[in-house]
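Trainee: One structure, as structure tokens, below. Some questions next.
The values are calculated or read from the model by the stated rules, or taken from the named source; none is laboratory data. All of these numbers come straight from a predicted model, not from anything done at the bench. Cβ: placed from backbone, ideal geometry, glycine included. Neighbour counts: every protein chain shown. The area values use the complete protein model at the heavy-atom level, side chains included, leaving out ligands, DNA and RNA. Shrake-Rupley method; radii C 1.70, N 1.55, O 1.52, S 1.80 Å.
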Amino acid sequence: MADLGRVGAQTSMNDKAMISKSQTVLQKIMPKTFRAKFVLVVGAAVLFDLLLSGSIALWNVNRLSHDATHEIEQGLTKASQEYLQNYIETTALRADLLIDRVHSQTSSLAGAMQTFIDHPEARDAIGKAIANDPFYVQPSDYDTKGGWSQNKPGATSVLSVWGYLLGPDMKPLPAVQQEIDDSAIFDTFGASLMANGASKLQMYYVGPKSMPIMRTTPYSDQAQTFDKLYPGHNAANFWDFFFPGVYEGWQSWIKDPSTRPVASDVTTTAPYIDAITGKLIVSFFHPLWTKDRTDVAGMVAADITLEQLADIVQSVKLAETGFGFLTMSNGNVLAINPAAEQTLGLTTASGAAGSGVTGTERSLLKSKQAAVATLKLPTDDTTVIEHILLNENGRQVPYVVAMRRMKPANLWDGTPKIIPETLTLGFIVPEHEIYASLLAAQDKISSATTRIMMWQAVTLAFSMLVVLAAVFGISKRITQGLSDLAGAARRLRDKDYSVRVKVNARDEVGEVGLAFNSMAREISDHTENLEQLVANRTRELGAANEQILSLNAQLKGENLRLGAELDIARQVQMMVLPKLAELSAIPLLDISSFMEPADEVGGDYYDVLQSEDRVKIGIGDVTGHGLESGVLMLMVQSVARGLLEQGEVDPKQFLNVLNQAIYKNIERTETGKHLSLSFIDYANDKLTLTGQHEEVLIIRKTGDVERIDTIDLGFPVGLEFDISPFVASKEIQFDRDDIMVLHTDGVTEAEGPDGDLFGIDRLRDSALRHRSGNAGEIKSGIISDLMAHIGTQKIHDDITLVVVRHI
């Protein structure tokens, strides 16, 4: 320990030496003359002001630049996004218009064919006329290799009749021939619509499932091509082989039109390779119905090449390298240019989309670019704009993506089911291209800001040099008077009391000179009379000291007397509390108590009184604490004892009479005190609780806890003369091994070091932990927990605790 002391002392000495050394260094570098200090302080203040104002100006320029850049960025970004939105909406309308035109012409052809189905007489007449006209009809030949029959070139459309529709003579069965005649009207309407309106690859008619002949305009080697590309097609029903599930889907529409995914009879196919042309196409089917609308009577259809849609998408021009794409809802990209396909990391794979048609898959979901593979397509009809990063030669390049959905359609995608489909049109453009004007504006603003800040800095430096020169120039004139004052002060310090300064100015320095001269005269006068003044002041201080000693003696005596009185009051208060022998003599009840006043005399009250076979326990809390509260507590004890001895057994009347006596005593003493007070009467395993005080805890032998609120059982004692309207009683069963805990607010409101209160919940938990012991052990356990909670905190209120156990 001694070594530690020496180390601490040595450390302290080292710290002091370092401080002294620092002060010495400061004294050496600080200017010695007032003029130098004036130049230093004023120059520093002016420089600080210039630097501050210059810095604020520079900050404002920089802030203005930032705000201007932000506003321009917002404006150009909004304009760019609006441009993208308008462009993609216009392009989507063009694509929708192309599809709508094909839909319209397909529907027109279907309407014409349906009209003749609904009017068979007209259909038969026109069909026979067309069948006999050489312009429309060419003889059919049976192909022995293929096993089908097809008309010769030169007709407006090719008519293919499959082998299973031919009789033993290799000619169409009678019913099939009737279907051929009935559908001959197609050659007129189909050829006309094919030559007009939207550009189409071909239009065709397919008969019902029982007779699926096929008419296609313009003429082509239809059956021959099918033989090459689709072996076995002539041995299977046309509908089941090429378009499984479509026919059955339409049949379900007849039964319930609401089953159509989209409210249209047109069904679109997923893109597939056309057997005749070898091009990637999309077909638009329109079903025909029987006259009674109970079954499908065939279909008419139109094909367009995907190039027509691709031309619209590939015509998109965005900045330098921006591009468009068209995708299905499953992510399969239908149209995109080759360079853009590489940018998006797409790969093309071909495979069978059905038994007879071959589709092409180029899916966003399988993109090599992670941002593209996780791209979310729009789910509503609004334009969606997103920002993504694409990997280009190891660099993450930001792109802007705009997407918009097209009109929904019924789709057959090669599965035996017709589903809803909505194509999505997308635009992708590098951010640095779409925001090129923004970046250029930002560069110009940045350059202008740098130039302004440079000139501002040069101006600030020049201003600082001018100000320093001016301060140095006027410093001598300003400090001359102060230098004269400093010299006169040094002479006055050397006891030259005759020194005076010459006052030439009427400014503040002149006023200081006049004040100095006046002070010098006063010092001279006081110096001559100093001994007399010291003697007079010594006598005055001696008299004052005697008075202080006398008052201290009186105060000490008064404190001793007051302490003795308070000690007597405390002893009297403790004397009237129940003794251990009294409590032990009470049958069937084990009672233990604790009282600790916050001051010498407390304001808490508790008592245990016995009369014959009844036991009355009282507990209360007088407002405040100290001598007056202790006296009121003694009054309550005396009145309660007197009423019990007089035989007052009615609990409510007992409390009311006690209140009247206390009220009159408080009125006489003018103390303004009152108290909360409850009495508990015990007899025959029952407790009768009367009066308003803190909650009463009843712990049953089972461990259950009952909290009895007394707020409605009385009124504060001493506030009103008659409290009988407010007084009520509550009867509680109190069996063997049950425990009752009474307390004042000094217990529950005791504060811990962190300011948290002990509270009723902690009191309950503490009583439960110690309930296995007798009343004294329970009380000691609770008090121990309470004191541990309080710790080093000061006790601000009286603490009273009473524990009663039924034995």
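Trainee: Say the cut-off is 24 Å between C-alpha atoms; which of Lys255/Lys417; Lys673/Lys779; Lys664/Lys779; Lys171/Lys255; Lys128/Lys171; Lys128/Lys152 go over it?
Mentor: Lys673/Lys779; Lys664/Lys779; Lys171/Lys255
Trainee: Identify all lysines with a Cα-Cα distance to Lys616 below 16 Å; exclude those on the same chain that are fewer than 8 residues away in sequence.
Mentor: Cα-Cα hits under 16 Å: Lys579, Lys652, Lys686, Lys730.
Trainee: Under 20 Å between alpha carbons, and skipping anything fewer than 8 positions from Lys317 in its own chain: which lysines qualify?
Mentor: Leaving aside lysines fewer than 8 places away in the same chain, those within reach of Lys317 are Lys78.
Trainee: Quick check for me: using +1 on Lys/Arg Cβ and -1 on Asp/Glu Cβ, what's the dipole size of the chain about its Cα centre, in debye to the nearest 20?
Mentor: Once rounded to the nearest 20, the dipole reads 4020 debye.
Trainee: What relative contact order, as a whole-number percentage, does the chain give when Cα pairs under 8 Å and 6 or more residues apart are counted?
Mentor: RCO, the chain: 9 percent.
Trainee: For the Cα atoms of the chain, what angle does the longest principal axis make with the long axis of helix 2-29, in degrees from 0 to 90, nearest 10?
Mentor: 80
Trainee: Show me 693-706, 103-116 ranked by packing, highest mean number of other Cβ atoms within 10 Å first.
Mentor: Averaged packing, sorted descending, gives the order 103-116, 693-706.
Trainee: Here's something else I'd like to know. Measuring from label point to label point, each 7 Å out along Cα→Cβ, what is the Gln646 to Lys444 span in nm?
Mentor: 10.5
Trainee: Of all beta bridges DSSP finds with both residues in the chain, what is the antiparallel percent, to the nearest 5?
Mentor: Working: 116 of 119 bridges.
In the chain, DSSP labels about 95 percent of beta bridges as antiparallel.
Trainee: Here's another thing I want to ask about it. Sort 454-462, 624-632 by packing, meaning the average of other beta carbons within 10 Å per residue, with the highest value first.
Mentor: Order by mean packing, descending: 624-632, 454-462.
Trainee: Shape of the range 275-338 from its Cα gyration tensor (a ≥ b ≥ c, root eigenvalues): rounded if a/c is under 1.5, otherwise prolate when a/b > b/c, or oblate? Write out the running numbers ahead of the final one.
Mentor: Numbers: a/c = 3.60, a/b = 2.71, b/c = 1.33.
Judged from the Cα gyration tensor, the range 275-338 comes out prolate (a/c at least 1.5, a/b above b/c).
Trainee: I'd like the orientation of helix 120-131 relative to the chain: the angle between its Cα long axis and the longest Cα principal axis, in ° from 0 to 90, rounded to 10.
Mentor: 50
Trainee: Under a crude label model (7 Å from the Cα following the beta-carbon direction), how far is Met464 from Thr115 in nanometres?
Mentor: Label at Met464, label at Thr115, 9.4 nm between them.
Trainee: Do the sum for the chain: with -39,500 (n - 2.57) for every DSSP H run of n ≥ 4, divided by all residues, what is the mean residue ellipticity at 222 nm, to the nearest 500 deg cm²/dmol?
Mentor: Computed ellipticity for the chain at 222 nm equals -16500 deg cm²/dmol.
Trainee: While we're here: Using only the Cα atoms of the chain, build the gyration tensor, take square roots of its eigenvalues as a ≥ b ≥ c, and label the shape rounded, prolate or oblate: rounded if a/c is under 1.5, else prolate if a/b is larger than b/c, else oblate.
Mentor: oblate
Trainee: Same structure again: Cut-off under 16 Å on the C-alpha distance; same-chain residues fewer than 8 positions from Lys368 excluded. Which aspartates and glutamates are left, in chain and number order?
Mentor: Of all the aspartates and glutamates, those that pass the test against Lys368 - Cα under 16 Å, at least 8 places apart if same chain - are Glu341, Glu392.
Trainee: So if the hydrodynamic radius of the range 201-277 is defined as the Kirkwood radius over C-alpha pairs, what does Stokes-Einstein give as its diffusion coefficient at 10 °C and 1.306 mPa s, in µm² per second?
Mentor: After rounding, the answer is 111 µm²/s.
Trainee: On a 0 to 90 degree scale, rounded to 10, what angle separates helix 775-790 from the longest Cα axis of the chain?
Mentor: Compared with the principal axis, the helix lies near 80 degrees.
Trainee: Using 0.36 nm per residue, how much length does the chain from Met454 to Lys701 gain when fully extended, once their Cα-Cα distance is taken away?
Mentor: Details: separation 247, 0.36 × 247 = 88.92 nm, distance 8.87 nm.
80.0 nm is the gain from fully extending Met454 to Lys701.
Trainee: A further question follows. Give the shape of the range 536-688 as rounded, prolate or oblate, defined through the alpha-carbon gyration tensor: a ≥ b ≥ c are the square roots of its eigenvalues, a/c under 1.5 means rounded, and otherwise the shape is prolate if a/b is larger than b/c and oblate if not.
Mentor: Verdict is prolate for the range 536-688.
Trainee: Still on this structure, please answer the following. Before I look further, what does the chain give for accessible area per residue, probe 1.4 Å, in whole square angstrom?
Mentor: 53
Trainee: Using a 1.4 Å probe over the heavy atoms of the protein chains, calculate the carbon and sulfur portion of the accessible area of the chain as a whole percent.
Mentor: 56
Trainee: To continue, here is another question. Assuming R0 = 45 Å, what is the FRET efficiency of Asn196 and Ala370, from their Cβ-Cβ distance, to the nearest 0.05?
Mentor: Values: r = 48 Å, r/R0 = 1.06.
The calculated FRET efficiency here is 0.40.
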